[in-house]
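Shown next, in C-alpha cells, is the structure this report addresses.
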Amino acid sequence: EKGGFPHFMLKEIFEEPEVLRNALAGRIKNGRANLPEMENVVPAIKRARNVHIVACGTSFHAGLVLKRFLEDYAGLTVEIDVASEFRYRNIHIDENTIVIAVSQSGETADTLEGVRRVKVKGGTVIAVTNVVGSTLARESDVVVYLNAGPEIGVAATKTYVSQLAVLFIIGAYISHLRNEKDEIRQIINELEGMPTIFEGTLSTMNESILQLAKEYYQYRHFMYIGRGYGYPTALEGALKLKEISYIHASAYQAGELKHGPIALLDREFPVFAIVPDDALKAKVLSNIMETRARDAKVVAICTEGDQETGRIVNSRIEVPRVSDPLYPLVMSPYLQLFAYHIAVLRGNDPDKPRNLAKSVTVE
Ligand code: F6R
C-alpha cells in the first residue's frame, strides 16, 4: 500500500504533483480563479471590513502565506491567529467579518470552536478542508475542498502543498472581487505550471537532499530563518524537523535574530536560511553573515543560479525562479524531504512520530 516507498510520508511527498493538479482542477478559467462554491459569500466578501484567518499547526503556516497574499494583492489588512488563541480573544466580530478557517482534517477542536464563535456573532466562515462532510465543512458557510486524498503520514506534507495552492486560488478570487491587480494573472499562470515543475524536480532533489541530510542529521539544534513570504516557510520547515526528527528546531523572522536568538548560535547550532530571490533577499543575506560570524553552519534554500547566496553558505538547495508568493509552495517539498531523511537517518519512524495524533479533536 506504500507503493514501493519505505514510508507513507515519502510516498505522499511524491504524490504532490498530482495533488497540486487535483487542487487546481477546474479552478482556473481564462487565467482567473473559478470557485463556484464561493458564490454565496460574494456579497460578504465585497462588504467585508475585517478578515481573520484561523488554523493550527501546519494549516496555520499556510494561513500566514494567505495573509500576506491578501495584503499584497487584495488590499486587505488581515488578522491571523492560531485557533487556540483566537477562540479566547475578545475580538470584534459582526456581519462585516469574514473568517477563513483552514483545517486539513476539519475536526480540530480549537478551530471548530473558533468558527462557532464567529457564527454566533453573525460573521461569515469560509472553510478550507480536505475531508468531505467533516464537522468544519458542515458548520461553515462555504467549503473549498483540497481534494488531496487521504493523508496517512501524521506530519502534514501533501496537504500543506495542496492548502497553499487552494489558498492562492481563494486569495486570487477575493482579489478579483476587491481590487484586481495585474500581477495576479501572472501568479495564476505560474500556479498552473507548478505540478509540472514538481514532477520535473522531485526525484533528483530527493537524492541530493538525502546527501545533505547525511551532513546534518547529528546536530541537536537547528534555527530556521526567513523574512516576508520566507517566514512561514521557516516556521513550517522547523515544525516538520522537530516533529519527526525530534531535533530541537526554532524559526525566527531573520530580522529578529539580533534581538536575542543569535546568542544561541555557535558551530554546533546550524542555521537553515530561506532565501527567495525577492525584495528582502539582501536583508536575509546580511542576517546570514551575522550567523556566520558566530561560526554557525548555514544551509540555504534559494533560487536557481543564485551565486550571491551560494558564496556565503555551506550548502544550498536550489528551486526554480517563481513570483514572490509562490516561493513557499515551490520550496515546501524540499523542506519536507530534509526533515524526512534526517528522521530516517536518526532511526525514527516518520509516519508515526511519538506523542502526536493525526487530528487533534480535544482542546
Ligand atoms: C503538522 C501537523 C499539525 C496539523 C494541525 C492542524 O505536521 O500535521 O500541525 O497541521 O494539528 O490540523 P488540521 O489541519 O487537521 O486542523
- Could you list, in sequence order, the residues of region 294-314 that are more than 20 Å from Arg220 (Cα to Cα) and outside any helix (DSSP H, G or I)? Ile301, Cys302, Thr303, Glu304, Gly305, Asp306
- Are any residues in region 86-145 touching a strand residue (DSSP E or B) at 6+ places or on another chain (Cβ under 6 Å) and of a type in the set (S, T, N, Q), and if so, which ones? Thr97, Ser103, Thr111, Thr124, Thr129, Ser140
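Conditions (1) out of contact with any Ser or Thr (no Cβ under 8 Å at 6 or more places or on another chain); (2) buried (at least 21 other Cβ atoms within 10 Å of the Cβ), marked per residue:
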position	(1), (2)
Leu164	no, yes
Leu167	yes, yes
Glu180	yes, no
Met205	yes, no
Tyr217	no, no
Ala234	yes, yes
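Being outside any strand (DSSP E or B), farther than 20 Å from Leu146 by Cα, under 19 Å from the mean Cα position of the chain (by Cα) and of a type outside the set (Asp, Glu) is true for just one of Leu212, Leu202. Which residue is that?
Leu202
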- Query: Are there any pairs, at least 6 apart or on different chains, whose C-beta atoms fall under 6 Å, with the first in region 212-240 and over 22 Å from Glu256 (Cβ atoms) and the second polar (S, T, N, Q), and if so, which?
  - Reply: Leu212/Ser315
- What are the residue pairs meeting all of these: first residue in region 95-118, first residue within 24 Å of Glu151 (Cα to Cα) and part of a strand (DSSP E or B), second residue more than 9 Å from the ligand (Cβ to nearest atom) and of a type in the set (S, T, N, Q), Cβ atoms under 7 Å, and 6 or more apart or on different chains? Ala101/Ser140
- Query: Condition test on Phe60, is it under 16 Å from the mean Cα position of the chain (by Cα), at pLDDT 95 or above, in a helix (DSSP H, G or I) and more than 14 Å from the ligand (Cβ to nearest atom)?
  - Reply: no
- Query: Can you tell me which of Gly255, Gly237, Gly228 is in a loop (DSSP other than H, G, I, E, B) and either at pLDDT 95 or above or of a type in the set (A, V, I, L, M) (or both)?
  - Reply: Gly228
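The values are calculated or read from the model by the stated rules, or taken from the named source; none is laboratory data. All values derive from a computational prediction rather than experimental measurement. Cβ coordinates were reconstructed from backbone atoms using ideal geometry, including for glycine residues, and neighbour counts include every protein chain displayed.
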